[in-house]
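Below is one structure, written out as C-alpha cells, with a few remarks after it.
Throughout, read-outs are computed from the coordinates displayed, never taken from laboratory work. Just so we're clear, the structure is a prediction, and the values are computed from it rather than from any experiment. Every residue, glycine as well, gets a Cβ built from its backbone with ideal geometry; the counts of neighbours run over all protein chains shown.
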Amino acid sequence: MGKILPSGISRIGFWLALSGALLFSTKAIWVKLAYQDTGIDAVSLLLLRMLFSLPFYLGLFVWAGYKDKYFFKDYRLWMGMVCMGLAGYYASSLFDFIGLQYVSAGLERLILFVYPTLAVLINTWFFKTPFNKKQRWALVITYLGIVIAFYSEIKILQVQDGFYFGCGMILLCAITYAFYLVGTGRLVIQAGVIRYTSTVMLAATAGIVLHYLVVKGWKPIPMKSGLVGYAIALALMATVIPSLLMSSGMKRIGSNQVSIITSIGPVSTILQAHWFLGEPITGWQIMGTVLVIAGVLLISDHRIHSEAPLPAS
C-alpha cells in the first residue's frame, strides 16, 4: 500500500477520505439494528441521530466563528452551505433511513454507491472537470464490482412489500448526495473544513427537526431500551467523526477522487451486514469486493498523485 500511495499531504487526504468512508459504512448497520431491536420509525431515528450530533457541531460552529472575524460576512457562501446541508444530510439521509426499512444493509449500500458516478459526471458536464482514460477505467472496474455484488444479492433476497419503494428511496438518496458531494468539493475550499462541516450539519439538523414537527407534532419519541446507545453510535461513529474526515479529505484531494475512494463503502457494509446482521454473502459478492478495491487503488494511484495539495484549514 505504501508503494501505491504517494508521500506527503496527498496521502493524508486519501487516508482521511478512506477512514471517513469506512466509518460512514457502519451507518446502515446501526440503523438496521435499531429498527430490529427497538421498532423505531425512520424519522424519529434520524432526529435522534442529529440531536445527539448537535452539541459537537454547535461547538465547532462557535469555535470557527471565534477564530475567524469574517465568519459571517459571505452571504453567498452561507446560502451554499445551507443548501448543501439540506441536500446532503437532510433530504439524502431521510431517503436513506426510509429505504433501510425495506431493503437489506448490503443492498442499500450497493444502490447508494451509484453516487460516485453521478458526482464525477456532474463535475464533467457542468464544471468541465477533466475526465481522463485512467479515471474511466477506474469507474468501469469499480462499478463492475458493484454490479456483480448487487446481482448476487438480488438472487438470494426474498422480495417483500415495499422492496422496490425502498430501492427507489435509496436511489433518491444517491442523487441528492451526489449533488452534495460536488458542492462540497467547491465550497469547503472557501469555507474551511470546520466552518463548512459545522454549518452544513446544523442546517441539516434544523431541516430534520422541522420535518419531525410537521409529521409528528410535539409527540415525544418513546425511548426503548438500547435506543440511546444506537443513537449515540449513529451520531459519533457514523456522523460526527466521518463527516470531519471526509470534508478534510475532500479539501486536500477533491470531490472526484473522494467520490471514487468511497466506493470501498459497499464492500465494508456487505461484510459488516454478514457479521452483525446475518445477511448472506456469496462468492460473487467477494469477486465484486475485489474489483471495487482494485478500482479504488487505481484511481488513488493516478489522481491523488497528480493533484497539488490544497491548504489545510
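For this structure, a couple of remarks:
- All other residues whose Cβ lies under 11 angstrom from that of GLY166 are scored, Lys and Arg at +1 and Asp and Glu at -1, for a net of -3.
- Volume of the convex hull of the chain (Cα atoms only), normalised per residue: 131 Å³.
- The ranking of TRP218, TRP284 by Cβ neighbour count inside 10 Å, starting from the fewest, reads TRP218, TRP284.
- Each other residue within a Cβ distance under 14 Å of VAL114 adds +1 if Lys or Arg and -1 if Asp or Glu, for a net charge of -1.
- Over all other residues within a Cβ to Cβ distance under 11 Å of TRP30, the charged ones net out to +2, with Lys and Arg as +1 and Asp and Glu as -1.
- 3J(HN,Hα) along the range 130-139: x, 10, 8, 4, 5, 5, 4, 5, 4, 5 Hz, from the Karplus curve 6.51 cos²θ - 1.76 cosθ + 1.60 with θ = phi - 60°, whole Hz, x for Gly and Pro.
- Ranking of ARG195, ARG109, ARG76 by neighbouring Cβ atoms within 10 Å, starting from the fewest: ARG76, ARG195, ARG109.
- When TRP78, TRP125 are arranged by Cβ crowding within 10 Å, least crowded first, meaning fewest neighbours, the order is TRP125, TRP78.
- Working ranking of peptides 82-91, 126-135 by packing, defined as the average number of other Cβ atoms within 10 Å per residue, highest first, is 82-91, 126-135.
- Using θ = phi - 60° and Karplus 6.51 cos²θ - 1.76 cosθ + 1.60, couplings along the range 24-30 (whole Hz; Gly, Pro as x): 4, 5, 7, 4, 4, 5, 4
- Under the criterion of Cα pairs below 8 Å and six or more residues apart, the relative contact order for the chain equals 42 percent.
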